[in-house]
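Notes to accompany the following structure.
The values are calculated or read from the model by the stated rules, or taken from the named source; none is laboratory data. The model shown is predicted, which means the values in this text are computed figures rather than measured ones. Cβ: placed from backbone, ideal geometry, glycine included. Neighbour counts: every protein chain shown. All accessible areas refer to the heavy atoms of the entire protein, side chains included, with ligands and DNA or RNA removed. Shrake-Rupley method; radii C 1.70, N 1.55, O 1.52, S 1.80 Å.
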There are 2 protein chains.
Amino acid sequence: MAGVTRMESMWLQFILTCFVFSSYLRNGNAGITSTFIRSEYPSVDIPLENKVLAVPKGHNAPQQVHITQGDYDGRAVIISWVTADEPGTSKVQYGTSEKNFEFTAEGTVTNYTFYEYKSGYIHHCHVDGLEHDTKYYYKIGSGDSSREFWFITPPKINPDASYKFGIIGDLGQTFNSLSTLEHYMQSGGQASTAYQSWIWSAGNHEIDYMPYMGEVTPFKNYLQRYATPYYASKSSNPLWYAIRRASAHIIVLSSYSPFVKYTPQWMWLQEELKRVDREKTPWLIVLMHVPIYNSNEAHYMEGESMRAVYESWFVHYKVDVVFAGHVHAYERSYRISNIHYNVTSGEQYPIPDKSAPVYITVGDGGNQEGLAGRFRDPQPDYSAFREASYGAFDTGEIQNRTHALYHWNRNDDGKKMATDAFVLHNQYW
Amino acid sequence: MAGVTRMESMWLQFILTCFVFSSYLRNGNAGITSTFIRSEYPSVDIPLENKVLAVPKGHNAPQQVHITQGDYDGRAVIISWVTADEPGTSKVQYGTSEKNFEFTAEGTVTNYTFYEYKSGYIHHCHVDGLEHDTKYYYKIGSGDSSREFWFITPPKINPDASYKFGIIGDLGQTFNSLSTLEHYMQSGGQASTAYQSWIWSAGNHEIDYMPYMGEVTPFKNYLQRYATPYYASKSSNPLWYAIRRASAHIIVLSSYSPFVKYTPQWMWLQEELKRVDREKTPWLIVLMHVPIYNSNEAHYMEGESMRAVYESWFVHYKVDVVFAGHVHAYERSYRISNIHYNVTSGEQYPIPDKSAPVYITVGDGGNQEGLAGRFRDPQPDYSAFREASYGAFDTGEIQNRTHALYHWNRNDDGKKMATDAFVLHNQYW
């Protein structure tokens with residue numbers, strides 16, 4: 001751990017595992033620990049209702065309330081919720097003072113089936129024209145069953161703006177619950193999903209390819225339930241997109257959508273990288289599900305396909321950091337690249353590269369499958385730090401346009417211990 | 001060219017460039033040469049009608065008639081055609097003697113729009129329950145405008161059966177014509193597409209991602225116009241599937257669909273490879289658009305992503321040959337593999353591997369963009385033969401379960417010259 005600096009006071013925070021990305025946490029909720037057991041195969045006879053621990057009282061009361069970032073620059077949100085009894089209203093009332101909802105936005109409602117599962121009524125409401133850095137109160141549902149929450153919009157794009165954000169991982173996925181977030185809400189997180197704006201990145205569990213049930217449309221459940229502001233970044237698909245918040249340009253890629261040359265995701269990323277303006281957003285961050293550098297036996301080299309296509313772009317555009325999940329163990333790379341490898345000649349293995357990003361793989365906050373405890377031996381040259389641990393989470397602190405501090409914390413018997421910490425130097429400034 | 005044998009008499013034939021795969025050519029039409037100019041960007045104001053040279057006479061006469069293999073083992077076909085004036089009938093009348101159409105099958109008709117283009121009425125009719133190795137006559141359309149053709153069904157699955165098949169490449173693709181096959185038909189091939197059963201493999205031009213026109217659904221045109229028997233091989237998507245014909249098990253992969261671990265294509269291929277029975281079908285052939293081994297500057301290493309995922313399976317299952325197109329130049333590899341490469345240690349480059357397939361890239365039969373004439377220098381160790389040439393095609397001759405002869409022919413001033421020829425030893429027998 002040469003060159004590592006330990007810091008005690010943190011005022012900007014990352015929380016990263018692998019699935020859900022909360023991009024604005026004023027009231028950061030670090031250290032999420034899930035008690036869910038991952039199930040690769042669905043238990044089709046357990047209705048959703050039995051598993052939701054925190055269903056609110058009242059006829060048709062909004063549940064599973066969550067807010068998603070709604071545009072490119074932080075002046076919109078998408079408010080989503082589910083009603084169980086009837087469609088009800090998709091209206092959001094909102095305003096800047098409590099109990100005085102001066103504005104109204106109209107949303108949409110849908111439902112769908114997946115094999116024998118029938119979804120509730122899923123509402124999405126796009127609320128735009130918001131002011132930056134402002135607290136908004138909002139109300140959904142109707143009558144006695146209505147519910148009120150609030151959120152704070154992010155600051156304006158500013159190269160020196162401070163900004164908090166976090167990422168929560170695939171805590172577990174089962175057929176009927178259909179989303180990590182629902183698990184998160186079940187474990188007591190419902191309140192925070194309704195108060196913070198999130199962005200989403202889909203993983204393998206969200207593919208939901210179940211031909212033996214006749215369900216073969218990838219991401220069918222996920223796409224119904226999780227909205228993203230993809231259109232604001234000229235993406236054609238909710239699975240890949242970008243947002244700019246405060247001093248960061250954040251790009252979300254889809255590991256399980258087509259990404260090779262000529263595909264829509266490739267065409268879009270090529271254009272999106274050109275739109276990055278490091279004068280305005282010094283920090284360029286990429287998120288994906290499958291890690292590109294990971295020396296754990298679990299999912300080893302599953303990221304090679306995407307590495308072969310995008311690594312040279314990451315180096316060319318001097319991406320600061322690439323976050324991934326998928327593997328249930330923490331790992332941080334040095335700044336290395338393998339872009340000179342080719343099947344004919346050239347460098348054979350990753351070599352130090354000052355323009356390369358740091359790759360950080362964060363184990364999820366939930367159950368472990370055992371395998372992720374087995375790292376390849378010896379530790380590869382590209383691997384700077386790695387540890388298999390339960391309930392890990394990450395905290396980071398962007399100080400200004402040139403420096404950020406990054407901590408990985410082991411969640412050990414309920415105590416959070418920083419076990420990897422380093423200074424991230426901005427790749428542009 | 002050590003170990004190459006030249007043969008003069010051929011009774012089984014491959015014709016391969018890169019897009020269209022004709023899997024049963026009793027009357028093989030070798031040496032297709034296109035005169036079309038490839039257009040990367042659509043010329044939206046040229047209506048389809050102006051470009052079709054061979055529209056049949058008569059009100060609503062069936063045009064663009066083509067037959068697709070219709071099941072797993074060769075007892076069904078899908079007959080497709082377009083009518084321009086009105087939907088008309090989707091019925092196919094057929095039988096084993098001329099002018100006596102004793103059976104009838106009912107098809108479907110659809111049309112669609114793509115930006116300002118409005119398609120004709122597209123008919124697909126699945127005809128099943130056919131006898132093997134039998135000539136069938138069929139009739140489509142109605143009244144004076146009806147048209148009659150015939151086809152011959154393939155022989156039963158048999159490890160020593162003889163079988164002719166060919167592949168025709170992406171001769172050129174423009175927005176309105178929407179398919180290579182239409183170009184092929186325009187250049188005089190219409191008759192042969194109506195008399196032979198084909199299978200299709202989509203390339204980058206078929207993605208048709210055109211966000212500036214609001215068209216962002218990949219393969220939208222292609223999927224409307226080209227049917228495949230994907231369901232017969234338990235595939236969930238027309239873009240990847242398999243058929244068994246005579247002594248060959250033929251697997252078609254989609255280079256531009258998701259293919260990494262956990263995706264539907266990956267899940268399907270894993271199962272399909274287990275279904276291969278080399279006792280019944282000694283020859284295992286894989287088709288894809290993007291070559292995995294190709295030392296041309298054009299599209300160099302674009303196949304790395306798929307190599308990283310599937311190469312170890314190709315070796316494990318002893319695939320005989322992998323055909324690809326995409327690059328406009330012929331190239332043949334030795335039996336090599338790079339499966340021991342990893343980002344930490346191991347072999348650095350492809351090494352001889354007796355279990356590996358031969359990789360054959362066949363340049364298309366049409367226009368050249370110049371670049372494909374530039375091979376990397378020096379020639380990589382894995383490359384056995386390569387030549388950039390116009391109008392190339394391939395012929396092959398499976399002799400029995402143990403041997404096949406393979407010829408690549410340069411089309412030079414109208415003369416076909418075999419310039420690469422070798423004996424393909426079956427990987428199983």
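Assorted remarks:
- The sole residue among A:Y241, A:Y209, A:Y222, A:Y230 that is free of Cβ contacts under 8 Å to residues at least 12 places away in the same chain and either hydrophobic (A, V, I, L, M, F, W, C) or more than 9 Å from chain B (Cβ to nearest Cβ) (or both) is A:Y230.
- Applying the criterion of being at pLDDT 85 or above and assigned to a strand (DSSP E or B) to the residues of the range A:185-222, the residue that is surrounded by the fewest Cβ atoms within 10 Å (Cβ to Cβ) is A:M210.
- Residue, farthest from A:G325 (Cα to Cα), within the range A:271-289, restricted to residues that are touching a residue at least 40 places away in the same chain (Cβ under 8 Å) and within 12 Å of another protein chain (Cβ to nearest Cβ): A:M288
- Scanning the range B:335-347 turns up no residue that is in contact (Cβ under 8 Å) with a residue 40 or more places away in the chain and more than 12 Å from chain A (Cβ to nearest Cβ).
- Candidate set: the range B:301-312, residues that are more than 14 Å from B:Y359 (Cβ to Cβ) and either of a type in the set (A, V, I, L, M, F, W, C) or at pLDDT below 95 (or both); chosen: the one surrounded by the fewest Cβ atoms within 10 Å (Cβ to Cβ): B:V309
- Among the residues of the range A:313-326, those identified as surrounded by 24 or more Cβ atoms within 10 Å (Cβ to Cβ), more than 11 Å from chain B (Cβ to nearest Cβ) and touching an Asp or Glu at 6+ places or on another chain (Cβ under 9 Å) are A:F323, A:G325.
- Test result for B:A324, small (G, A, S) and free of Cβ contacts under 8 Å to residues at least 40 places away in the same chain: no
- Each residue in the range A:348-362 was checked for being open to solvent by 20 Å² or more (accessible area, probe 1.4 Å), more than 9 Å from chain B (Cβ to nearest Cβ) and either closer than 30 Å to B:S383 by Cβ or β-branched (V, I, T) (or both), and 2 of them qualify.
- Count of residues meeting criterion [part of a loop (DSSP other than H, G, I, E, B) and surrounded by fewer than 20 Cβ atoms within 10 Å (Cβ to Cβ)] in the range B:271-297: 6
- Leading residue by the ranking (modelled with the lowest pLDDT) among those in the range B:314-358 that are acidic (D, E) and in a loop (DSSP other than H, G, I, E, B): B:E347
- The lone exception for A:H249 - which of (1) in a helix (DSSP H, G or I); (2) over 27 Å from B:S257 (Cα atoms) it fails: (1)
- Residues of the range B:244-266 that turn out to be within 14 Å of another protein chain (Cβ to nearest Cβ) and of a type outside the set (S, T, N, Q), as a count: 9
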